[in-house]
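The values are calculated or read from the model by the stated rules, or taken from the named source; none is laboratory data. Everything quoted here is computed from the prediction, not taken from an experiment. Protein only, heavy atoms only, side chains kept; ligands, DNA and RNA dropped before computing areas. Shrake-Rupley method; radii C 1.70, N 1.55, O 1.52, S 1.80 Å.
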Amino acid sequence: ILGFSTPPGRLSMMAFILNALTCALGLLYFIRRGKQCLDFTVTVHFFHLLGCWIYNSRFPSALTWWLVHVVCTALMAAIGEYLCMRIELREIPLNSAPKSNV
């Protein structure tokens, strides 16, 4: 189904790319650590590979399938790490006011 020449193929590839973007937001929400984004991204795509392998009863061999998944893995990891690093690098607010009214 994945292919550049047919509209359903282009639509499927766009769905994979949009999924990578939303999963990057999931990394921000659930992981919150820039160092762990690549690990979780590769793990998710590895489980997807296993699921496709089991569902189709054969190892994926189409070049477009591999290209789309490599691009989606890189996109998800890069955007997820960027978002997590933005949260990690926020300034820590320092209050000079006393904490208690003693």
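Of note:
- In the chain, helices alone account for a calculated mean residue ellipticity at 222 nm of -24000 deg cm²/dmol, with every DSSP H run of four or more residues adding -39,500 (n - 2.57).
- Carbon and sulfur %, accessible surface of the chain computed with the full protein complex present, 1.4 Å: 68
- Each residue of region 85-95 was assigned a 3J(HN,Hα) from its phi angle through the Karplus expression (A = 6.51, B = -1.76, C = 1.60, θ = phi - 60°), giving 5, 5, 5, 5, 9, 5, 5, 8, x, 10, 9 Hz with x at Gly and Pro.
- For region 1-97, the per residue solvent-accessible surface stands at 75 Å², with DNA, RNA and ligands left out and a 1.4 Å probe.
- Percentage, to the nearest whole number, of Cα pairs in the chain over 16 Å apart: 65
- Karplus-derived HN-Hα couplings along region 33-50 (A = 6.51, B = -1.76, C = 1.60, θ = phi - 60°), whole Hz, x at Gly and Pro: 10, x, 5, 9, 4, 5, 4, 5, 5, 5, 5, 4, 6, 5, 5, 5, 4, 4
- Region 34-85: C-alpha gyration tensor shape, a/c 1.5 cut-off, then a/b vs b/c: oblate
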